[in-house]
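Step one of this worksheet: look at the structure below.
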Amino acid sequence: MKTVIVIPARMGSTRFPRKPLAKVLGHALLYRTWSIGRAVEGVDQVVVATDSTEIRDFAESFGAKVIMSQSACENGTERVWDTINQLSDRPDVSINLQGDAVLTPPWVIQAVVDFMRENPNVQMATPATQLSLPQYEEFVASKAGGRVSGTLVVFDKHYRALYFSKGLIPHIRDRKHLVAGAPLYRHIGLYGYRSSLLAQYVQLPPTPLEKLEQLEQLRVLENGMPIHIVPVDYRGRSHWSIDNPEDVAIAENIIKRDGELVL
């Protein structure tokens, strides 16, 4: 099974312009993410996909394979499809690893790669981590404070996603049910796809819920295609996403406390 990790990287983030080149403890976000991708076993290639010549030149300076993708791509999933079609040999499985995933442990990506290898009928998979009660309360407080990032997911007993949301799902009607082990899962924003699913995805128009939530994976669910959830364990490490310049200092403090993942 040929597997490629694609790292979509673009300059035009509205909340954090030039984000891929921003430094975290002396290393650019893009370099950190590429290094994490390179630590995953059973992957044939790690490719940076960008529409920026500046990002291309920077990525090539540290030895990354770079594909120039179309600027018209609406999201990372479309950019992955555009990228793998420029490779000499289209992979069986593509992993979409966001270019700012500097705190995503390699074993989380590994879990998705292994799951796709072991389940050849699965067309798309994505990881999620169960929140402890303190982690959930922290997530709730973050949302109440106006933070946009952070997505929750609910899924059925066969680990097929029911819905993803930036809001608080499931709704907790009675807090007596908010107990240890409750099905409270934070979605980790990386994806594994078969090429056949990507070919279908790019032919579908953006869907109503996708546009409302601005979550690209909802296009898959709204068209009746399953997404399988891969539960993962962060092994005591902290999760954080870098969406704004202010998040860099938080990520740096996490790395100082938890230690480097790679490098």
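The values are calculated or read from the model by the stated rules, or taken from the named source; none is laboratory data. Note that this is a predicted model, so its numbers are computed, not measured. Virtual Cβ from ideal backbone geometry, glycine too; neighbours counted across all protein chains shown.
Which condition number in (1) surrounded by fewer than 14 Cβ atoms within 10 Å (Cβ to Cβ); (2) touching a helix residue (DSSP H, G or I) at 6+ places or on another chain (Cβ under 6 Å) is the one that residue 54 fails?
Residue 54 satisfies all of (1) surrounded by fewer than 14 Cβ atoms within 10 Å (Cβ to Cβ); (2) touching a helix residue (DSSP H, G or I) at 6+ places or on another chain (Cβ under 6 Å) except (2).
Which count do you get for residues in the range 14-31 that are part of a helix (DSSP H, G or I) and either surrounded by fewer than 19 Cβ atoms within 10 Å (Cβ to Cβ) or out of contact with any helix residue (DSSP H, G or I) (no Cβ under 9 Å at 6 or more places or on another chain) (or both)?
1
Within the range 202-225, is there a residue that is in contact with a helix residue (DSSP H, G or I) (Cβ under 7 Å, 6 or more places away or on another chain), more than 29 Å from residue 73 (Cβ to Cβ) and not charged (D, E, K, R)?
No.
When you scan the range 101-216 for helices (runs of 4 or more DSSP H) that lie fully inside it, which ones turn up with 3 or more residues that are under 18 Å from the mean Cα position of the chain (by Cα) and under 28 Å from residue 262 (Cβ atoms)?
By residue number, 106-118.
In the range 222-236, what residues are over 17 Å from the mean Cα position of the chain (by Cα) and either over 19 Å from residue 202 (Cα atoms) or touching a residue at least 12 places away in the same chain (Cβ under 8 Å) (or both)?
The answer is 222, 223, 225, 226, 235, 236.
Please determine, by comparing only the residues of the range 104-135 that are of a type in the set (Ser, Thr, Tyr) and farther than 15 Å from residue 5 by Cβ, which one is modelled with the lowest pLDDT.
132
Residue 260 is checked against (1) within 22 Å of residue 126 (Cβ to Cβ); (2) over 18 Å from the mean Cα position of the chain (by Cα); (3) not in a helix (DSSP H, G or I); (4) not hydroxyl-bearing (Ser, Thr, Tyr) and fails just one. What number does that condition carry?
Failing condition for residue 260: (1).
Look through 64, 101, 72 and report the one residue that is small (Gly, Ala, Ser), within 27 Å of residue 238 (Cβ to Cβ) and modelled with pLDDT under 95.
Just one listed residue meets the conditions, 101.
Find all pairs meeting these conditions: Cβ atoms under 7 angstrom apart; at least six residues apart or on different chains; first residue within the range 148-170 and farther than 15 Å from residue 126 by Cβ and at pLDDT 95 or above; second residue surrounded by fewer than 16 Cβ atoms within 10 Å (Cβ to Cβ) and among the aliphatic types (A, V, I, L, M).
If the second residue must be surrounded by fewer than 16 Cβ atoms within 10 Å (Cβ to Cβ) and among the aliphatic types (A, V, I, L, M), the pairs left are 166/148; 168/140.
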